There are 2 protein chains.
Amino acid sequence: MQETRLDSARIRAARQVIDPMFLDTPLYRCDALEADLGCAVSIKLETANPVRSFKARGTEVVASLLADNGSRAVVCASAGNLGQALAWSGRGRGIDVTVVASRHATAAKLDRIRALGATLELVDGDHEPARERAAAIARHDGIRLVEDSLDIETCEGAATIGLELADALPSFDTVLIALGGGALATGVGHVLKALAPEVEVICVQPLGAPAMTYSWRERRVVVTEFANTIADGVAGRRPIPAVLDDLLLVADDTILVQESSIVAGMRMLLHRAGLVVEPSAALGIAALLEDRERFSGRHVVTIVCGSNVDVDAYHRWVGAEGGGAPRSSP
Amino acid sequence: MQETRLDSARIRAARQVIDPMFLDTPLYRCDALEADLGCAVSIKLETANPVRSFKARGTEVVASLLADNGSRAVVCASAGNLGQALAWSGRGRGIDVTVVASRHATAAKLDRIRALGATLELVDGDHEPARERAAAIARHDGIRLVEDSLDIETCEGAATIGLELADALPSFDTVLIALGGGALATGVGHVLKALAPEVEVICVQPLGAPAMTYSWRERRVVVTEFANTIADGVAGRRPIPAVLDDLLLVADDTILVQESSIVAGMRMLLHRAGLVVEPSAALGIAALLEDRERFSGRHVVTIVCGSNVDVDAYHRWVGAEGGGAPRSSP
């Protein structure tokens, strides 16, 4: 295949600098989901760690490089999970971390960023002004800006999940990956296309935040005016051209799902699998729910990528049958 | 120390026959719990696997031996988790599994036992009549009876958790272990006393099902007339003498906790750690909640040993502040 920006040797090397706590995460068949979904489902669980998402795989690589270079500060924009992970990785290495987030971000994520000792700056609007503000801070302070999905460490850190999936082959046919900025999808996709090209790489995005999917389908960057989804972790509007280029090389398809399916997926993962997940982490199950025929009889892996939720919202989503209207994003 | 029935070489060998899916489970610091508890807390997570409890570590050893001997059938009594695990381990090896359970057992556990293809026989009363009935089936059919905590494989399978904890040393001071029949406590305790005698081994049992704790304190078997706790996985009334003997050698203390603390622990693990746990798996946090002073400043590991809950009961326990009256056991 044509080459992505990612490098397989660097991805293998990344395993050496990532705290082992974040590696070799559980991967297991979840029979209890299968009667409802009509296909074999395995869970790759990225939530059983101190930051409750896969993002530390990338921030460990970033922070390790910064520490090696003697850098003492770093800044990022984040919907919450990257910021929390960077705060964790920075704290252990004596690096000052600043996180810029929308003031409408999930409160539990913001609380954890503060609790981990990072400086948190809140901005109006959605994730895009936060990205601009983080870039301004980096320029002003002369410190490293970590840009999720653009910075190769964030993709190659996430790509270590792909190595773990490839090790488990030939047990599955398809992997379902939450699609936001694209670090997870291009990372895992790169490794699977290199090591297991027969595995179908399918990205899943909310219908309410479809910018990257539209871009992938039209093979050019499509910016959307709004994002309107409960899946805060993937609610971007401005795909990054270089990431789109990589995604075009590694994704076999991208699927858009409805908010009600995301809620149904969260509820199913709680009730059938005993897993608390944030909306982004239910995208794979949502895709299975919306098109049982497509996946019938196949063995699908879904990456459960995060579990950081506001308790009240979570109870509202999973507490009752039906319901689950989308929240308006600003 | 005096010798328990367990053998360290066999415990190491057990790792070779247990499906790797059940080994090397997540072990991680959970900062988000610490502000409330006043001590460092690490989670050893035994729920991210196909049977959502640690019990498969033991049943994998049992089923592997049966398969090696050409045995085609096995029976056990179970509150649900052992039966589910034995059903899983037997299914993969072509062994017919019969499980005897109380008809008052957690419905979700019984459903999973059936779904895994085991024969389920329900009996009146609590766990003790189920044990008698399972023994009768074994005698009548001439098949192996698996007795949880008495059979050395169930203890040595659980003991593999101890190996994983010992590998993580010297990071913690104390391990909190749910105490029921005693397989988990004697297994993990044996390994830690052998490899890390400086680690405090503390068992936790519900005040409503205190038979083994009373027995440990009096150094003789104490049978209780009733068990009255939501922690169905540890609700035994008749400690097994040989298991008590082992427990006396490896446990530094046993603690009894109230039902309201178990519910508070479940709620805290959901809200702060994003973990669904069954009541038995919240016993460690319950102990921390009841005696902050004792554990102040220490680094405690709690083994989150299972997550099989009935959805409605779970929502009732964790859904609202306060509440959580104990359910009467028959």
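Read-outs: derived from the displayed coordinates by stated rules, not from any lab. Here the structure is a predicted model, which means the values were calculated and not measured. A quick note on method: Cβ atoms are made from the backbone with ideal geometry, for glycine too, and the neighbour counts reach across all protein chains shown.
Descriptive notes on the structure:
- In this Cβ point-charge picture (+1 for Lys and Arg, -1 for Asp and Glu), segment A:56-146 has a dipole of about 220 debye about its Cα centre.
- Dividing the Cα radius of gyration of the protein assembly as shown by its Kirkwood radius returns 0.98 for Rg/Rh.
- Relative contact order for chain A: 21 percent, from Cα pairs under 8 Å spaced at least 6 residues apart, divided by residue count.
- Of the trypsin sites (Lys or Arg not before Pro) in segment A:219-256, the ones in a loop by DSSP (not H, G, I, E or B) with at most 13 other beta carbons within 10 Å are A:Arg219, A:Arg220.
- Evaluated over the protein assembly as shown, the count of Lys pairs having alpha-carbon atoms less than 19 Å apart is 7 (only pairs 8 or more residues apart or interchain).
- Between segment A:211-271 and segment B:1-72, the alpha-carbon center distance in angstrom: 38 Å
- 5 angstrom amide H check on A:Ala178, placed H, neighbours 5+ away: A:Val204, A:Ile303
- Most to least packed among B:267-279, A:240-252 [average Cβ atoms within 10 Å]: B:267-279, A:240-252
- Beta bridges by DSSP in the protein assembly as shown, antiparallel share as percent, to the nearest 5: 10 percent
- Sequence ranges B:127-134, B:53-60, ranked by mean other-Cβ count within 10 angstrom, highest first: B:53-60, B:127-134
- Shielding value for A:34-45 is 1, the average number of Cβ atoms from other chains within 10 Å of each residue's Cβ.
- With a 10 Å cut-off around each Cβ of A:16-23, the average count of Cβ atoms from other chains is 1.
- J(HN,Hα) series, segment A:212-223, from Karplus relation 6.51 cos²θ - 1.76 cosθ + 1.60, nearest Hz, glycine and proline x: 5, 5, 4, 5, 4, 5, 8, 6, 7, 5, 10, 9
- Peptide packing for B:186-195, B:89-98, A:96-105 was compared via the average number of neighbouring C-beta atoms within 10 Å per residue; ordered from the highest value, the list is B:186-195, A:96-105, B:89-98.
- For B:Ala35, inter-copy label distances in nm, listed shortest first [label point 7 Å out on the Cα-Cβ vector]: 4.2
- Karplus-derived 3J(HN,Hα), 6.51/-1.76/1.60, for each residue of segment B:135-149, Hz, glycine and proline x: 5, 5, 4, 4, 5, 5, 8, x, 10, 5, 9, 9, 10, 4, 6
- Stokes-Einstein diffusion coefficient of segment A:22-82, Kirkwood radius over Cα pairs, 37 °C, 0.692 mPa s, in µm²/s: 231 µm²/s
- Remark: label point of A:Arg91 defined 7 Å out from Cα along the Cα-Cβ vector; separations to the same position in other copies 4.0 nm, ascending.
- Extending 7 Å from the Cα toward the beta-carbon at both A:Arg12 and B:Val223 defines two label points whose distance is 6.2 nm.
- What separates the A:Pro170 label point from its copies, with the point 7 Å along Cα to Cβ, is 5.0 nm, written shortest first.
- Ellipticity at 222 nm from helices only: DSSP H runs of n ≥ 4 in the protein assembly as shown, each -39500 (n - 2.57), divided by the residue count, give -13500 deg cm²/dmol.
- Candidates A:Val97, A:Val123, A:Cys76 compared by Cα position along the dipole of segment A:56-146: farthest toward the positive end lies A:Val97, with charges placed on Cβ.
- The 3J(HN,Hα) values that the Karplus relation (6.51, -1.76, 1.60; θ = phi - 60°) gives for segment A:295-300 are, in residue order, 9, 3, x, 8, 10, 10 Hz. Gly and Pro appear as x.
- Geometric descriptor of segment A:56-146, per residue, is 72 Å³ (volume of the convex hull of the Cα atoms).
- For peptide B:25-32, the mean count of partner chain Cβ atoms within 10 Å of a residue's Cβ comes to 6.
- Given +1 at the Cβ of Lys and Arg, -1 at the Cβ of Asp and Glu and no other charges, the dipole of the protein assembly as shown around its Cα centre is 60 debye to the nearest 20.
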